[in-house]
Every structure is written in C-alpha cells, then in structure tokens.
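Below: the structure, in structure tokens.
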Amino acid sequence: AEKLGLSHDSLFRIASTATSQCWAMTSYLPVPGPVPTSPANRDYTPGFTAAMMLKDLKLAQDAARALGSKPALGAEATRLFQALNDAGKADLDFSSVYTLVAGK
C-alpha cells in the first residue's frame, strides 16, 4: 500500500469490506494503526510468539517431507520466521514478521 501511495487506513477500509475480508485482517492486522486491538498496536506484545510459529512450521515441514511433499510456501514461511527469530524477535507476536517483510 505504501509504495502505491495508499495509506494503511485506506487499504484497510477497502479490503476489510470487500471479498478479501477475513478474520486475520479485521482482528489481527500486522500493520500498526487500523485495528486498535492488534498486537501491532502494542509493540507486537505476543499472543502467539514468533518462536512458537517457527516450531509449528518446522513440524509441518517435517510432516510434509515424511509424506513426500515439498511445500514451497511452507519452506519460505519457515525461512522468514527463522530470520525473525535469528534477529532477536522470537518473543514478539508472530505477526511481527510484517516488520521483516516490510524492512522495518
């Protein structure tokens, strides 16, 4: 949104009432501002930590490999959460991965 000149609030107002509306957007948006109850507005105080997400992603990857599957998106998510944990953010809420992806 930022790169297109659209504010987070404007994008939220559009997307949260369109077909893209979902619980993750209206309750757990990783961007500070639009959703007052989001961990993003509490310095990513955890509900579910990045460390726990990494653990679960690794378990899912192991299970997939045991079945002969190679889930590329799961591997990328694992890589991102590993980087987040390696950056010292393991104890933040998992939604703080936004800060890594957005380069913040």
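Here, each number is a calculation from the coordinates, and none is a lab measurement. Since we're looking at a predicted model, the values are computed, not measured. For neighbour counting, all protein chains shown are included, and Cβ atoms are generated from backbone atoms with ideal geometry for every residue, glycine included.
List 93, 9, 62 from most exposed to least, where exposure is judged by having the fewest other Cβ atoms within 10 Å.
Taking fewest neighbouring Cβ atoms as first place, the list is 62, 9, 93.
Dipole size in debye (nearest 20) for the stretch 43-104 around its Cα centre, Lys and Arg Cβ +1, Asp and Glu Cβ -1?
The calculation lands at about 240 debye.
Taking only Cα atoms, what is the 0 to 90° angle, nearest 10, from helix 50-66's long axis to the longest principal axis of the chain?
With both axes taken from Cα atoms, the answer is about 50 degrees.
Taking the number of other C-beta atoms within 10 Å as the exposure measure, put 53, 25 in order starting with the fewest.
Fewest to most other Cβ atoms nearby, the residues stand as 25, 53.
Calculate the dipole size of the chain relative to its Cα centre from +1 charges on Lys and Arg beta carbons and -1 charges on Asp and Glu beta carbons; express the result in debye to the nearest 20. Please report the intermediate quantities before stating the final value.
Details: 10 positive and 9 negative charges, 43 e Å.
The dipole of the chain has a size of about 200 debye.
Okay, which of the stretch 83-104 sit inside 13 Å, backbone N to the point 7 Å along the Cα-Cβ direction of residue 43?
92-93
Show me 76-82, 26-32, 55-61 ranked by packing, highest mean number of other Cβ atoms within 10 Å first.
My ranking of the peptides, most packed first, is 26-32, 76-82, 55-61.
Give me the number: length gained by fully extending residue 64 to residue 102, i.e. 0.36 nm times residue separation minus the C-alpha to C-alpha distance, one decimal in nm. Please list the in-between numbers first.
Details: separation 38, 0.36 × 38 = 13.68 nm, distance 2.84 nm.
Here the segment from residue 64 to residue 102 would lengthen by 10.8 nm.
If the cut-off is a Cα-Cα distance under 16 Å, which lysines reach residue 55, setting aside same-chain residues fewer than 8 apart in sequence?
89
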